[in-house]
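Structure first, commentary second.
The values are calculated or read from the model by the stated rules, or taken from the named source; none is laboratory data. Note that the coordinates shown come from a computational prediction; the quantities given were computed from them, not determined experimentally. Here the Cβ positions follow ideal geometry from the backbone for every residue, glycine too, while neighbour counts run over all protein chains shown. In case anyone asks, the SASA skips ligands and DNA or RNA and just uses the protein heavy atoms, side chains included. Shrake-Rupley method; radii C 1.70, N 1.55, O 1.52, S 1.80 Å.
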Amino acid sequence: MTIKFQILKTIKKVLLLTVATLFFISCESNINEVRKINVVEFNPVGEAKDFNLKYTDSGKIKAVLVSPQMLDFSHLEFPFTEFPKGIKVTIYDEQGNKSFVTSNYAISYTNSNLIDLRGKVKITTHDGKILETEQLYYDQKNEWFFTQKAYKFTNKGSVIEGLGIDFSKDFKVLDTQSITGIYSI
């Protein structure tokens, strides 16, 4: 009788272990499903390769944006457009003069109208002014550039280097923070 009791006891242990194992295995997949509920898919809703956009106003070209890749994240709560391989922008003024903006990376935030340019950012104006930095923001609504990063500004042979600068899109209003260099006024 003790052998039967031991066999029954062993069978109960095996059954209990099997049921417990099945319970934990089935709960694990449910836990993973619950975890997925709060995860937002972070994939673009659109992608463009060799992107070339011409912006016109009243039949005149105002700007041309060229990029190897554009990713559209307009479906997110805070929508944005990303240019992970950089941009080259040609801007035309009222007289048809060209200025250029380049960067290795760019992201444009739809709701705030803010553009974040990163990696070897360079602005070259039609009259020879050059601004170089590693990161530069552009406020589209106010047509205003700004950075807190190191920069180099060249104008007619004068070079200013510093940390932090704000300026209007036409460089007519320029506010530098910490500067070094010689500049003619």
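Odds and ends about this structure:
- Protein-only accessible surface order, largest first, of S178, S108 at 1.4 Å: S178, S108
- Here the spin labels are modelled as points 7 Å beyond Cα on the Cα-Cβ line, and at E77 and L53 they lie 2.5 nm apart.
- Of the peptides 55-66, 72-83, the order by per-residue mean of other Cβ atoms within 10 Å, starting with the highest, comes out as 72-83, 55-66.
- Using the Cα coordinates of region 51-185, the gyration tensor eigenvalues translate into equivalent-ellipsoid semi-axes of 26, 18, 13 Å, sorted from longest to shortest.
- FRET efficiency for the pair A63 and T180, taken as 1/(1 + (r/R0)^6) with r the Cβ-Cβ distance and R0 = 25 Å, rounds to 0.15.
- Projecting label points 7 angstrom from Cα along Cα→Cβ for E143 and F171 puts them 1.6 nm apart.
- The 1.4 Å probe gives accessible areas that order I165, I179, I115, largest first, as I179, I115, I165.
- Entries of K60/K169; K98/K129; K49/K120; K62/K88; K62/K152 with Cα pairs more than 24 Å apart: K62/K152
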